[in-house]
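Coordinate-derived values only; no laboratory data. Please read all numbers here as calculations on a predicted model, not as lab measurements. Here the Cβ is made from the backbone with ideal geometry for all residues, glycine too, and neighbour counts use every protein chain on show.
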Amino acid sequence: MKSVIETEHLSKWYGNVLGLSDVSLQIESGITGILGPNGAGKSTFLKLISGQIKPNIGTSAIKGERIWNNYRLFSNIGFCPEQDAFYEDLTGWQFMTGLLRLFHFSPSERESRAREALEIVELMEDKDRIIKSYSRGMRQRLKVAQAIAHDPEIIILDEPLNGLDPLGRRKIIRLIKTYKSEGRTIIVSSHVLPEIEAMTKRIILIHQGKIFAQGDIHYIRDLIEAHPHIVSVKCSDPRQLASKFIQEDFVLNVNFSSAEDTLLVETNNRDKFFSLLPPLIVKHNIEVEEITSPDDNLQAVFDYLVGK
Amino acid sequence: MTIKEKGYTHWDGEFLDKKLPWWPITRYGIKLTFRKKFFKLIFPMSLLPAVVFLAGIYVSERLEDFKFMFRESVPFLQINPAYFKTYLVDNFMLFIMVIIVIFCGAGLISDDLKHNSLQLYFARPLKKRDYFFGKTAVIVFFLFILTLVPGLVFIIMKLIFAGSFKFFLSYPWLPLAVIGYSIFVTAFFSFYVLFLSSLSKNRRYVAILIFGIYLFSDIFGAVFYEYFHNHYFSLISLRANIQQVGAFIFSQKTPYPIPWFYSLLVLTAICVLAGLVLKKKVRGVEIVK
Amino acid sequence: MSIEVKDIHFSYGKIKALDGVSLDLSQGAIGLLGPNGAGKSTLIRIMLGFLSPDGGEGRILDYDIKSQQAEIRRYVGYMPEDDCFIPELDAVSFTSYLGELSGMPRQEAMKRAHEVLYYVGLEESRYRKVETYSAGMKLRLKLAQSLVHDPKLIFLDEPTSGLDPQGRTEILELIIDISSKKDIQVLISSHILPDIEMTCSYVVILNKGIVVSEGEISKLKEIRDLYEIKVMGEAQVFLRKLKDLKCRVEETEDGILKVYTPPNYNRQEFFRIAAEEKIQLRHFVRSQSSLEDLFAEAVGVD
């Protein structure tokens, strides 16, 4: 697939504070999740690729065109910042139409686009209240609305789910998925890893101003050799099953859950392990309820790469 | 042999059944006041007048001893209720009190509003009454050090220097006047400061209000008097009102030719209004959201 | 029973916040869920005695919510949602100050303040002034002050909001540890369903001022005749054999097979086929409704 966003040696520091250091990557269309601890450089990265700040070193380009100071590209980007940034005394409606005016839309188009965006985030009923009186969830949805109103091809959302209730989260996640199916590029950051997982398998992990990992979660997991895979088997007789595995050299560790109904096997060769498993189950007639990989998920990837 | 396992541990102490649940609020309030910049400098300075007046009492006794050296009787340094009134009620002392309450009182409630900490207080077994009481006691502490304590010390020292009870017998009501006036002026300032402190989340703004209202009420009173030549306009001035009542308590001539109880009424009305607003303000926070 | 409320009503002027809430809870960790404006905060405020209900009655830790509010607050810990602290105090003074306000003797409060600050992981910065703390540290401090008087019941309002993944895991682990003590009960109100799923065994879902669903999470979840399987090897052979057994199979975009099994299907068949055809089963789970599904169903959206 052709990349939409491309950065080369992108670096940014504020005085002597490191923002981002030497980031070269390509982002394709679809959803990409950005994650990392506080202060890792996520917001800096998002601001750099949306052309809001100038990199100290390196370039960032959208479809081959450099983004910095290239305002023609901006009408193609929607950005939802992490912090609140409103004109508090405007109403939601004035805020939206005012921003749309900056894109040189005609008055009628401004209104129709503002209405459409506010309807998507379900703020039409409250459009004539001033923003000061909005709740945290409403502010969040208004931020999303202003990011999508001008129908951009690239949508960058910094913590869009923060402060939303479960229904709000569900709706925004669905919205993001719709945009994906329309072929747009969505870059979304979140601190809640299961939510990222619910949206995409493709992630960028930023830590200490650098890219620690990029790509498919499971692929990244396989690359982490320091931590052997753990497989959990919930079954009728975990000790019997364990006794069969314990002789195999690809099994490094065998553990039982406190409830005595689950076997946890640590292995450095999942292929051999999984080949052996079904015949053993059949041969010894073990009732298996579940087979899962508890550390083949985003949380584990994050912990292994970032954790202390 | 015992081990301490990781994880949450219980506290095995007993709760006290405190008779004064508000006392920690006061203690921390006083402690924090002393941590303020400049306060360590200003507080000793605010006690200087008391030292000077105390010296005056001492000198006055010595003067009696050497009276024969003067031809005429000495009109100054007579220790009588007027001397007490001069210390407790005159402009300079009221001004010092305003400065001190700005330091100790401006942030009392406004800081709690700013940092949402009211809910931390009220999640504890505290009643609203306890909260106000604890906060008020901070102001009371500092103002009593400026009024009640020196006033009583003056009387005692006078008796000691004179070596007789003659002074006490001439003005037996003076200790009561000192106590009554201290309570009066402290109560007023407490309401005044807590009320203004609950109006804003910004302590500096509150400090400006405390100082500004005190000063401008005085200026306006004077301006209106100049214009209309009507003494009732001095009722606008907080300072004038306090001094009217103070003069009455020390049975001196009131500085303005209007009845002192009008001033008392004005001040009481301000306190009642302040109390009502405070009650509403602090409840308002509980309901937010 | 630590939380026992009956038919609680409350309104702010004309707006009804709670419209007949009854709860009877004594489990370890309870999740309180609901959309914005469902009445969660109001309910917590009533249970803490901040607000008096317009109607209904209740007992918290066997103290009456109308007449014994001071007693309730002595034995209950509360971690508010918004940022709150007392400026110019260091963390130890702050925590012990609030302990004293709960009625702890001064020296004991100081001792205990150090203990809980260690517990929440603020040991290195406990002499720093609170206003210099980062958002994550302030959150830990809020947790510490809710624990200082060793409460029997703790209300946590959005305990992980704004935390990064590491901080979130650490706080959740603390909550799990606290609620594993048999004599402490924890009630967590949160918008982040995975957090609730990780820490709580029981949920109460509020919507528009009434309880729309409550119970053990594991029992509320509906088990379906549907298996989610991920295979490696000859997937087509596996699919064909399953179809022979009258299973309906769907394939999702991330490579998971959703297998709808017919009635009286023997689960062992999966493994028999896999063993015969030398296919690996990398993932094998019987599908359940998620907490998010439960939530959406309870508040009536799709």
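At a glance:
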{"item": "Percent RCO, i.e. relative contact order, over segment A:178-250, from Cα pairs under 8 Å lying at least 6 residues apart", "result": "14"}
{"item": "Likely footprinting exposure, A:Phe45, B:Phe250, B:Phe38, fewest C-beta neighbours within 10 Å first", "result": "B:Phe38, B:Phe250, A:Phe45"}
{"item": "D_trans [Stokes-Einstein, Kirkwood Rh over alpha-carbon pairs] for chain B, 20 °C, 1.002 mPa s, µm² s⁻¹", "result": "100"}
{"item": "A:Ser29 long-range amide H proximity, modeled H, under 5 Å", "result": "A:Val4"}
{"item": "P(r) histogram, all alpha-carbon pairs of chain A included - 10 Å bins from 0, percent", "result": "6, 23, 26, 20, 13, 9, 3, 0"}
{"item": "Rh (Kirkwood; distinct C-alpha pairs) - segment A:11-154, Å", "result": "16.7"}
{"item": "Rg(Cα) / (2.2 N^0.38 Å) computed for segment A:220-308, rounded to two decimals", "result": "1.10"}
{"item": "Rg/Rh (Cα only; Kirkwood hydrodynamic radius) as it applies to the protein assembly as shown", "result": "1.08"}
{"item": "In order through segment B:147-159: 3J(HN,Hα) via Karplus (6.51 cos²θ - 1.76 cosθ + 1.60), integer Hz, x for Gly, Pro", "result": "10, 4, 4, x, x, 5, 4, 4, 4, 4, 5, 4, 4"}
{"item": "Overall form of segment B:147-289 per C-alpha gyration tensor (a/c, 1.5; a/b vs b/c)", "result": "oblate"}
{"item": "Charge dipole of segment A:224-306 about the Cα centre (unit charges at C-beta), most positive-ward option of A:His227, A:Leu280, A:Ile291", "result": "A:Leu280"}
{"item": "Estimated 222 nm signal from helices in chain A, with DSSP H stretches of n ≥ 4 weighted -39500 (n - 2.57), rounded to 500", "result": "-10500 deg cm²/dmol"}
{"item": "Axial C-alpha extent at least 18 Å, average Kyte-Doolittle at least -1.0 - helices from chain A (DSSP)", "result": "A:136-148, A:166-181, A:270-283"}
{"item": "Over chain A, relative contact order from alpha-carbon pairs under 8 Å, at least 6 apart, %", "result": "18"}
{"item": "Mean shadow area of chain C over all directions, Cα convex hull, nm²", "result": "19.8"}
{"item": "Neighbourhood net charge (12 Å Cβ-Cβ; Lys/Arg +1, Asp/Glu -1) for C:Leu43", "result": "0"}
{"item": "C:Ile154 long-range amide H proximity, modeled H, under 5 Å", "result": "C:Gly77, C:Gln185, C:Val186, C:Leu187"}
{"item": "Exposure proxy order (Cβ contacts within 10 Å, fewest to most) of A:Glu289, A:Glu159", "result": "A:Glu289, A:Glu159"}
{"item": "Per-residue mean of C-beta atoms belonging to partner chains within 10 Å, peptide B:5-17", "result": "6"}
{"item": "HN-Hα J in Hz across segment C:53-68 - Karplus 6.51, -1.76, 1.60, θ = phi - 60°, x for Gly and Pro", "result": "x, 6, x, x, 9, x, 10, 10, 6, 6, 10, 6, 6, 9, 9, 10"}
{"item": "Residue among C:Phe271, C:Tyr260, C:Ser289 farthest towards the positive dipole end of segment C:223-292, charges placed on Cβ", "result": "C:Phe271"}
{"item": "Reference-scaled alpha-carbon Rg (2.2 N^0.38 Å with N residues) for segment C:223-292", "result": "1.05"}
{"item": "Relative contact order %, segment C:223-292, counting alpha carbon pairs below 8 Å whose residues are six or more apart", "result": "52"}
{"item": "Table column - 3J(HN,Hα) (Hz), segment A:18-28, Karplus curve with 6.51, -1.76, 1.60, x for Gly and Pro", "result": "6, x, 8, 9, 6, 9, 10, 7, 10, 10, 8"}
{"item": "Top of A:Ile31, A:Ile186, A:Ile281 by mean-square fluctuation, Gaussian network on chain A, Cα under 10 Å", "result": "A:Ile281"}
{"item": "Net charge contributed by nearby residues that have their C-beta within less than 10 Å of A:Gly58 (K/R +1, D/E -1)", "result": "-1"}
{"item": "Paramagnetic label zone (point 7 Å from Cα along Cα-to-C-beta, B:Ile219; backbone N under 17 Å) in segment B:245-278", "result": "none"}
{"item": "Cut-off under 5 Å, modelled amide H: who pairs with A:His207 long-range", "result": "A:Phe212"}
{"item": "Fewest-first ranking of C:His191, C:His114, using other Cβ atoms within 10 Å as the exposure measure", "result": "C:His114, C:His191"}
{"item": "Local electrostatic count, C:Gly99, Cβ distance below 12 Å [Lys/Arg +1, Asp/Glu -1]", "result": "+1"}
